[in-house]
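Q: The structure's right below; bear with me while I get my questions together.
Each value in this text was obtained by applying a stated rule to the coordinates, not by laboratory testing. Since this is a predicted model, take the numbers as computed values, not measurements. Methodologically, a virtual Cβ is constructed for each residue, glycine included, from the backbone with ideal geometry; neighbour enumeration extends over all protein chains shown.
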Amino acid sequence: MATAKVFVVGYGNPLRGDDGVGQEVAHVLARQKYHLPVLAGTDVTCAHQLVPEMALDVSRASFAVFVDAAGDRRPAGTVTLRRLAPPAPDAGRTGATSASCWEDFSPEALMALAQDLYGNAPPAALVTIGVQDTDLGSALSPVVRLAVPRAAAAVRLAIAAGTCARPAHRPRSESGRTKGRGHNA
């Protein structure tokens, strides 16, 4: 059953340079959650990688945001926000277990597993940041470090849009029309 909580997970390996940018964004959001109303009630988590155990947290959320270093060759420091498609009804059985190892476990696979195991996969978004250097080392490259505030802003935007865009439940009359006047908010 979904609750009002928003689940945010920033993941990646902070010992591989820019690969740890997801965790850095999560640390920024964790510091901001007590000062910014859009982050109130948000569960912010840091992880090296997505793991099946997170499916329970995802299933209990009303909205989920995943933050990661981009695995493609986009320009370093580029921040991308995209809405994740809801999982197919049987995606948990095929998508979540098709990863060759948990390092390949994607947000889509985690959402499918949450749906399959717990009956709920909330609306979700993915924020990715283009990387420059993933060699051994704990420091983010300067261009990726500068992208962290933009990525945190993208997460806040995703939360605001994702939690406000769903229509509120409105009671229906016997005729099937929505009671009251105005727009569903």
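Q: How big is the antiparallel share of DSSP beta bridges in segment 6-164, given as a percent to the nearest 5?
A: Roughly 25 percent of the DSSP beta bridges within segment 6-164 come out antiparallel.
Q: Set the Förster distance to 25 Å, then compute FRET efficiency between Arg83 and Arg145 from the Cβ-Cβ distance, nearest 0.05. Please report the intermediate quantities before stating the final value.
A: Numbers: r = 27 Å, r/R0 = 1.06.
Step by step, r from the Cβ atoms, then E = 0.40.
Q: Residues with amide H under 5 Å of Ala70's amide H, sequence separation 5 or more or different chain, H placed in the peptide plane at 1.01 Å from N; which?
A: The answer is Ile129, Gly130, Val131.
Q: Calculate how large, on average over all directions, the projected area of the Cα convex hull of segment 6-164 is; give the answer in nm² to one decimal. Before the final figure, lay out each step's value.
A: Working: hull surface 34.5 nm².
It is 8.6 nm².
Q: Using 1/(1 + (r/R0)^6) with R0 = 25 angstrom and r between the beta carbons of Asp104 and Ala160, what's the FRET efficiency to the nearest 0.05? Walk me through the numbers before you get to the answer.
A: Working: r = 31 Å, r/R0 = 1.23.
Given R0 = 25 Å and the Cβ-Cβ separation, E is 0.20.
Q: Moving on. How large is ³J(HN,Hα) for each residue in segment 50-59, as worked out from phi by the Karplus curve 6.51 cos²θ - 1.76 cosθ + 1.60 (θ = phi - 60°), to whole Hz, x for Gly and Pro?
A: For segment 50-59, the Karplus-derived couplings read 6, 10, x, 4, 6, 4, 5, 4, 4, 5 Hz, x marking Gly and Pro.
Q: Still on this structure, please answer the following. Let me check I have the definition right: for segment 1-90, take the eigenvalues of the Cα gyration tensor, multiply each by 5, take square roots. What are those semi-axes in whole Å, largest first?
A: Numbers: eigenvalues 95, 62, 33 Å².
One finds semi-axes of 22, 18, 13 Å for segment 1-90.
Q: Between Ala61 and residues 5 or more places away or on another chain, which pairs have amide H atoms under 5 Å apart, with H built 1.01 Å from N, and which residues are they?
A: Thr3
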